[in-house]
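Notes for the one structure printed next.
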Amino acid sequence: MYKNLVAALAAACCFSSPAFSQTTAPATDPLKVGFVYVAPLTDAGWVRQHEEGRKAVEAALPGKVKTTFVENVPEGADAERVIRDLAQQGNKLIFTPSFGYMEPTLKVAKDFPDVKFESVTGYKTAPNVAVANARYYEGRYLAGIAAGRMTKTHVAGYVAGFPIPEVLQGINAFTLGMRSVDPKAQVKVIWLDAWFDPPKERDAAMTLFNQDVDVIAFHTGSTAVMAAAQERGRMAVAYHSDMRRVAPDAQIVAVTHQWGGYYTERARAVLDGSWKSGSVWGGVKEGMIRVGDFGSKVPKAVQDEVLARQRDIAAGKLQPFRAAADVRDNEGHVVIPRGTSLTDAQILQMNWLAEGVQGKLVRTGS
């Protein structure tokens, strides 16, 4: 699977360096690789998937790397301090997987030009700072199809961290996927202004369940929404990780993030001297996003439909933001004219909520 991923990443980054297999003689000391985690390391969620990626690097490059991580690092001044400490400790490759780590990463990188930095979910590069992200919205669209097939009330809930484009992409793709099979579907959103706050996540879920929501999705960092759905006997879409351990009856499907292949190839690039700054945005095709881990209550026909659409996305036959008919926002404006697709630039600057999403969003552009 990662053979295709490497090719895709090389194309996305415009790598012109020799193939990864053309390695130089290994250094005496292993490459020290640091990871910074924005929340506590738990059994599932955003941080767990990056931890699995770290472990994948160690498994793929035994004896060639030595990894370390620091967990529960708030975005801002604390992040800069931790990133700087990792650089001072001799880590030559540092992964900073949180949007709020972007500016601290860039600041530290200026002072350590011989260290390579990977700003995951960031968008600003530097000679020694690359950026990478995943097309989470592809998985969201597929999860929306599952939700649309499973809902009885035609009302879904969505617990969201912050109204940044990445989150808006997910809400809109989920809504479009849901309405592709259930045109009457509505999606109610609660904003938390936090990525990881289990009590607030739980409270938001419970509030939504009291508003006819029978299936819920979320863009936050814990398993609290899944646990709430399990408690209330509702359905839920797991995010980041498979969360059936927490919600064995509630989970209908999981959108999971797979970082191991990307992290391993970037470590290899540092080892063989081929690392270059660049920008990668991979999705289902590249193996960075996967939908599966269906719950026991999901009929096989629904599972087969979702997996078929996943194959269509991988093959380029289906794009969540390609419109067969006019797509409107929830204020009535056409945002994707019939027969057109949003460009990556338009997706990355998304600042609207799709028709079917309840609520308003302050526009950041004209």
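The values are calculated or read from the model by the stated rules, or taken from the named source; none is laboratory data. None of these values were measured; they are calculated from a predicted model. Quick reminder, even Gly has a Cβ in these numbers, built from the backbone with ideal geometry, and neighbours come from all protein chains shown. Just the protein is used for accessible areas: all its heavy atoms, side chains included, with ligands, DNA and RNA removed. Shrake-Rupley method; radii C 1.70, N 1.55, O 1.52, S 1.80 Å.
Points worth noting:
- Computed over the chain with a Gaussian network model linking Cα atoms closer than 10 Å, the most mobile of P337, P320, P248 is P337.
- GluC sites (Glu not before Pro) restricted to segment 285-335 and DSSP loop, no more than 15 other C-beta within 10 Å: E331
- For segment 103-210, applying the loop criterion from DSSP together with a ceiling of 10 other beta carbons within 10 Å to the trypsin sites (Lys or Arg not before Pro) yields K152.
- Computed on the chain, with alpha-carbon pairs under 8 angstrom and 6+ residues apart, the relative contact order is 19 percent.
- Ligands, DNA and RNA are left out, and with a 1.4 angstrom probe the accessible area of the chain is 42 Å² per residue.
- Whole-percent carbon and sulfur share, accessible surface of the chain, 1.4 Å: 51
- Cα gyration tensor shape of segment 230-334, rounded if a/c is under 1.5, else prolate or oblate by comparing a/b with b/c: oblate
- Using a cutoff of 8 angstrom between alpha carbon atoms and counting only pairs six or more residues apart, the relative contact order for segment 233-301 works out to 37 percent.
- Computed [θ] at 222 nm, helices only, for the chain once each DSSP H run of length n ≥ 4 contributes -39500 (n - 2.57): -11500 deg cm²/dmol
- C-alpha long axis of helix 260-272 to longest principal axis of the chain, angle in °: 20
- Å³ per residue enclosed by the Cα convex hull of segment 29-68: 53
- Where Rh is the Kirkwood radius over Cα pairs, Rg/Rh for segment 136-199: 0.99
- C-alpha center-to-center spacing [segment 162-197, segment 50-87] in angstrom: 30
- Segment 303-342: trypsin sites (Lys or Arg not before Pro) in DSSP loop, at most 12 other beta carbons within 10 Å: K317, R338
- The alpha-carbon of K152 sits under 24 angstrom from the alpha-carbons of these lysines, leaving out residues fewer than 8 places away in its chain: K184, K188, K297, K300.
- Bridging of K64 to aspartates and glutamates at a Cα separation below 15 Å is possible for D29, E265, D272, once same-chain residues fewer than 8 apart are set aside.
- Answer label for Cα extents along the principal axes in Å (calculated), chosen among [x] 58, 51, 45; [y] 69, 41, 36; [z] 62, 44, 43: [z]
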